[in-house]
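Structure first, commentary second.
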Amino acid sequence: MSGNKRTAAPRSPTQQLKKAKMVEIDENLHSRQLAVYGREAMRRMASAAVLISGANGLGVEIAKNVILAGVRSVTIHDKKTVEKRDLSAQFYLTEEDVGQNRAEACKDKLQELNTAVAVSASSADLDEAFLQGFQVVVVTGGSLAESKRIDEFCHKQSPAIAFIRAETRGVFASVFTDFGPDFTVFDVNGEEPHTGIVESITTGNPAMVTCVEDERLEFQDGQLVTFAEVQGMTELNSYKPIKILNCKRSSFQLDLDTAKFGDYQRGGIVTQFKEPKALAFKTLAERLANPGELLMSDFSKFERPALLHVGFQALDAFEAEHGRCPKPANKADAEAVVALAKKLNEGLPEDARATIDEAVLAKLAHCASGEINPMAAMFGGVVGQEVMKAVSGKFHPIHQLFYFDSVESLPTGEFSADEFVGDGGRYDAQVAVLGRSMQTKLAALNVFLVGAGALGCEFLKNFAMMGIATAGPGRVTVTDDDVIEKSNLSRQFLFRDRDIGEAKSSCASAATLKLNPGIKLNALKDRVSPDTEAVFNDSFWGELDVVVNALDNVNARLYVDSRCVYFCKPLLESGTLGPKCNTQVVVPRMTENYGASRDPPEKQAPMCTLHSFPHNIDHCLTWARSDFEGVLEKSPSEANTYLADPEKYAAAIRANPDAAAREQLEKAAELLVGESVCHTFEDCIKWARLRFQDLFHNRIAQLIFTFPEDATTSTGAPFWSAPKRFPTPLVFDGKDPTHASLVQAAAILKAEVHGVERPAYATDTAAVGAKAAEVVVEPFQPKKGVHIETDPKAEKRGPVMAADDESLIEGLLDRLAKAALKPGFRLNPIEFEKDDDTNYHMDLIAGLANMRARNYQIPEVDKLKAKLIAGRIIPAIATATAVATGLVCLELYKIVAGGKKIEDFRNTFANMALPMFAMCEPIAPKTFKHESLEWSLWDRWTLEGDLTCQQVLDWFEERKLHVYSISCGQSLLYNNIFPKHKERLGKKMSELVVTIAKMEIPEWRSHFDIVVACEDDEGEDLDVPLVSIKFR
């Protein structure tokens, strides 16, 4: 890094925000990350300079995540040269780099991750002049003495330079953070503030606040809240944040005397006030002597963090004394480390002393010389997130020590030291930890990776570093039917700008081969689903050793899970949501499967709320997207169906001339022969202006005519009570930029639907607004007797029956038949695409939603926020992805090793915002018993031979199971209550599934499946496994 002048990031909120506002964020690239951090935190990040000392596997993983996040600059520092064993975990080194400086060797590849970040390499001394230029200094390894020196300097600066020390030793890791004596966390958890809709507020001390019972309040005792839109007791609207007490499902008390306030009348929104949090960090030297509270990750290892606190110091002491790491499986070295740990432990305060576990310390000594990729990946994510916390103030940092181990991933049994001696190759660092036998197994592994997005890219990199599928029958099959978009580039690190529009699986595979040319990959573009069972057939599944999911939707996960259960294959599952991640290991016959437990479905807003009574911006955006899709995609598609074959369309309508058919026909006719037909751009502007009038004036005017502000319900209660908000019709103003931009976006997209050429002025919002203001609009007169749905339990209402649907349909068909439509003419339906800011899609949806919000006095949102909600964008950051995949690969070691017990495996939920890591052993599958039989979900009973129905019944009778029904798919092959079914007893099952179930059995499949319902001797039903008939 050139120059020694310090450009430290200020720590006060005012200074940070002032500096951050100068930075522009590429919202297309970082949309998923913006959903996590927000603009201000991202801008603070983009003004920060970060130093990472140590270009080992951990160092480059941290650098990758920090660069993808978008800081101002990253300097990768190292004085060591590349050795071949570095390739075991450092993915940006090649054999050609051996002998070069490690930082220089990987600098250019790191730069490719994000050209907006200045990446440089250095081998300078880490003196004070050099350190002055950074806001964050990360040290990955090195001696504790050197780290103490650097941290002391960083801690004394004003403002302090954030210091992080992290290292991984085999399956062990440690992290230390020091962000200075006065660090402010602006947002401790990253969650949206909780809110409630006020129903009543009492006067007195304490005041009782009751909210509507639509949703459970998420407030907690001791939190602070603010109020807005309260009528009557208006003093609350401008009052400082108020402490709350005695929180219940729909009520809480205010630590405030409201006796002198006005009487509550109606309305009000209560919102959690999120306070900044001040943290004081101690130096590394102070924390080593008195560690304080240590962050836990696995409560089955309650004593482990304290033990590793002295263990890592013992390693440092050993290396200082001997000038080398302890050797793998070396008893003398292990004993020396244990002795040093005991001595160090005695010097700690009594309440900080560890219970010495010599076996664990011996494993730490064994691992000391090896770096493995999964640990580097996991802690590259953990430490990368801590860097982001240091520069942004977003999320709560580790305060201050975190120790972790996965000793269960180590091989079990006794091994000689020779087992852990490598052959001089790239995997030697991993061999030093896990042994040559494990390396051989990994090389021959046959893996199915489902998905090549953010998780998939990380997995492929991990597999390449671990040496998976590099020899013998080993193979990694990766499939993904998606293509690369710009927004992928901030997390899916194997992709570059030049790859946009290309298939993810093939690009990811090509990039992985550059990381390790020895890995054998098979890239496919097929979605794993029932439609592709000829591609992913029985033979394919039968050859697999393990399946790894890298998917982003539950239905796909459930299908892959069902296949793994069917073929009895291990499945490694993971997912991320913002700074959170979860992992699940599924082991045949040992654990429950992924589908055994499911999250409850998301709560949907009632139809009447979306259509007439929205009370938050989410309702407005849901309505806006529905309107977009109905008007610009579904209706034009319906018209094109008519245009493709008018006679066939007319025949289908006449065959079922009901209200639904009439409504569909009306949509088509409106676009082809109705008032929605547009021939010029001026027509499109007129259509857009009249639609504005209809949506935001006329419909609202009708609503408040039908339900005036003083309307009451049948019980006499005010109709417009919470959560309903009384709306106001909008009056169009062509000079209002929000009105003009909405009409502009609507007109441009309407022109696209009708193939109308856009004039040059179409991109001039003011010009379009002026023309829209000239459109003549008929005055609106509300009508009596208009039905407006008010029942929140009502489902989506179907088309209203007209007096004579058939005659209306005939009239519309006649108009269409007589229309002078050009042969071959088609409309252009528009499919919503959220990630293209030039297509006006989000301009229209944001405009529609904000005008509706303005109708109901709901706070409006900018286009980015609208995109996140309406586009249903899942918040995502690279750090969480890295943590998830690292954890999964630690479980993969256990599966490959074999012989592990259920208590050796771990499922994990992590929330790095808090931070919190919760690891637990998996749940065993539910088992069933009958006589001498025992089975679980994992079992499938296979009957050999081309059996008759009677033979199947006999097989079950021999086991004291009495079959009363056999089915295949939706078809009933046999049921003992039907006399005619006795005729089927002598027929072969293979014949019944073809003739009755209409099953087509492919030539490559040797079996078919049936579901058997049976009962025991007492007449109790038994849930028996799926039955496969292997008939050929």
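The packing ranking of peptides 642-652, 294-304, highest mean first, is 294-304, 642-652, where packing means the average number of other beta carbon atoms within 10 angstrom of each residue.
Compare the Cα positions of Thr234, Thr195, Leu217 along the charge dipole of the range 195-273 (+1 at Cβ of Lys, Arg; -1 at Cβ of Asp, Glu; about the Cα centre) and return the one farthest towards the positive end. Looking along the dipole axis, the top candidate is Thr234.
Taking 25 Å as the limit for the C-alpha separation, the pairs Lys64/Lys894; Lys243/Lys603; Lys243/Lys277 exceed it in the case of Lys64/Lys894; Lys243/Lys603. A simple spin-label model places pseudo-atoms 7 Å from Cα toward Cβ; at Glu1000 and Ser626 they are separated by 3.9 nm.
Take the range 359-495 with all the other protein chains still there, run a 1.4 Å probe, and you get 22 Å² of accessible area per residue. Highest mean packing first, where packing is the average number of other Cβ atoms within 10 Å per residue, the peptides 610-616, 222-228, 709-715 line up as 610-616, 222-228, 709-715.
Where the only charges are on Cβ atoms (+1 Lys, Arg; -1 Asp, Glu), what is the dipole of the chain about its Cα centre, to the nearest 20 debye?
Numbers: 117 positive and 145 negative charges, 385 e Å.
Dipole magnitude for the chain comes out near 1840 debye.
Quick one: which of 100-108, 250-258, 782-790 comes out on top by average Cβ neighbours within 10 Å, and what's the full order, highest first? Before the final figure, lay out the partial values.
Numbers: 100-108: 20.6, 250-258: 18.9, 782-790: 10.7.
Result, highest mean Cβ count within 10 Å first: 100-108, 250-258, 782-790.
Among the protein heavy atoms of the range 562-713, carbon and sulfur supply 49% of the accessible surface, probe 1.4 Å, non-protein parts ignored.
In the range 927-1030, the C-alpha radius of gyration followed by the widest Cα-Cα span (Dmax) gives 13.5, 42 angstrom. Each Lys or Arg adds one and each Asp or Glu takes one away; over the other residues whose Cβ falls under 9 Å from the Cβ of Leu808, this sums to -4. Averaging the Cα positions of each part gives two centres, and for the range 414-470 and the range 831-862 these lie 49 Å apart.
From the helices alone, meaning DSSP H stretches of at least four residues, give me the mean residue ellipticity at 222 nm for the chain, per-run term -39500 (n - 2.57), in deg cm²/dmol to the nearest 500. Numbers along the way, then the final one.
Working: 33 runs with 368 residues, N = 1032.
Computed mean residue ellipticity for the chain: -11000 deg cm²/dmol.
Taking Cα centre as origin and charging only the Cβ of basic (Lys, Arg, +1) and acidic (Asp, Glu, -1) residues, the dipole magnitude of the range 927-1030 rounds to 560 debye. A simple rule links phi to the HN-Hα coupling: the Karplus curve 6.51 cos²θ - 1.76 cosθ + 1.60 with θ = phi - 60°, which for the range 44-51 gives 5, 4, 6, 10, 9, 10, 10, 10 Hz, with x for Gly and Pro.
Over 30 Å between C-alpha atoms is what I'm after, so list which of Lys109/Lys156; Lys240/Lys394; Lys327/Lys461 land there. Don't skip to the answer; put the middle values down first.
On the way: Lys109/Lys156 34 Å; Lys240/Lys394 23 Å; Lys327/Lys461 28 Å.
Table pairs above 30 Å Cα-Cα are Lys109/Lys156.
Can you quote the Å³ per residue value for the convex hull of the Cα atoms in the range 413-567, rounded to an integer? Could the numbers behind the result be given before it?
On the way: hull volume 19.6 nm³, N = 155.
Each residue corresponds to 127 Å³ of Cα convex hull volume.
When only Cα pairs below 8 angstrom with a gap of at least 6 residues are kept, the range 289-385 shows a relative contact order of 33 percent. Lysines near Lys667 by alpha-carbon distance under 16 Å, same-chain residues fewer than 8 away left out - which ones? Once the sequence-local lysines are set aside, what remains near Lys667 is Lys634, Lys750. Electrostatic bookkeeping for Cys968 treats Lys and Arg as +1 and Asp and Glu as -1; over the other residues with beta carbon under 10 Å from its beta carbon, the sum is 0. Between Asp764 and Arg527, what is the FRET efficiency for a Förster distance of 45 Å, r being their Cβ-Cβ separation, to the nearest 0.05? The calculated FRET efficiency here is 0.55. In the range 195-273, Rg over Rh equals 0.91, where Rg is the alpha-carbon radius of gyration and Rh the Kirkwood radius from pairwise Cα distances. Length gained on full extension, Glu663 to Ala417, computed as 0.36 nm times the residue gap minus the Cα-Cα distance: 80.7 nm.
The distance from the alpha carbon centre of the range 259-275 to that of the range 358-393 is 47 Å, rounded to a whole number. In the range 700-831, Rg over Rh equals 1.06, where Rg is the alpha-carbon radius of gyration and Rh the Kirkwood radius from pairwise Cα distances.
Karplus-based coupling profile of the range 100-112, in residue order and whole Hz: 8, 5, 5, 5, 4, 5, 10, 4, 5, 5, 5, 4, 5, with θ = phi - 60° in 6.51 cos²θ - 1.76 cosθ + 1.60 and x standing for Gly or Pro. Listed by chain and number, the lysines whose C-alpha is less than 16 Å from the C-alpha of Lys865, apart from same-chain residues fewer than 8 away, are Lys834.
Mean separation of Cα pairs under 8 Å and 6+ residues apart, divided by the residue count of the range 733-787: what relative contact order is that in percent?
Details: 41 pairs, mean separation 24.3, N = 55.
Relative contact order of the range 733-787: 44 percent.
Rounded to whole numbers, the Karplus 3J(HN,Hα) couplings from phi for the range 1014-1021 are 8, 9, 8, 4, 8, x, 7, 5 Hz, using 6.51 cos²θ - 1.76 cosθ + 1.60 with θ = phi - 60°, and x at Gly and Pro. Averaging the Cα positions of each part gives two centres, and for the range 318-354 and the range 881-913 these lie 28 Å apart.
Could you tally the net charge around Gly204, taking each other residue with its Cβ under 15 Å from the Cβ of Gly204, Lys/Arg +1 and Asp/Glu -1? Present the calculation step by step, with values, prior to reporting the outcome.
Numbers: positive: Lys260; negative: Glu235, Asp255, Asp257, Asp263.
That sum, taken over residues with Cβ under 15 Å, equals -3.
Listed by chain and number, the aspartates and glutamates placed with their C-alpha closer than 18 angstrom to that of Lys342 are Glu303, Asp316, Glu319, Glu321, Asp333, Glu350, Asp351, Asp357, Glu358; residues fewer than eight positions away on the same chain are left out.
Measuring nothing but how far apart in sequence close Cα pairs (under 8 Å, 6+ apart) lie, relative to its length, the chain scores a relative contact order of 12 percent. Taking amide H atoms as placed 1.01 Å from N in the peptide plane, the amide H of Leu524 lies under 5 Å from those of Val478, Thr479, Asp480, each 5 or more residues away in sequence or on another chain.
Over the range 524-652, all Cα pairs binned in 10 Å intervals from 0 give whole-percent P(r) values of 10, 25, 21, 23, 18, 3, 0, listed from short to long. Remark on Gly575: its backbone amide H falls under 5 Å from those of Asn582, a criterion applied only to residues 5 or more positions apart or on other chains, H modelled at 1.01 Å from N.
The values are calculated or read from the model by the stated rules, or taken from the named source; none is laboratory data. For clarity, every value in this text was computed on a predicted model and none was experimentally measured. Cβ: placed from backbone, ideal geometry, glycine included. Neighbour counts: every protein chain shown. Ligands, DNA and RNA are stripped out before the accessible areas are found, and what is left, the full protein with its side chains, is counted by its heavy atoms. Shrake-Rupley method; radii C 1.70, N 1.55, O 1.52, S 1.80 Å.
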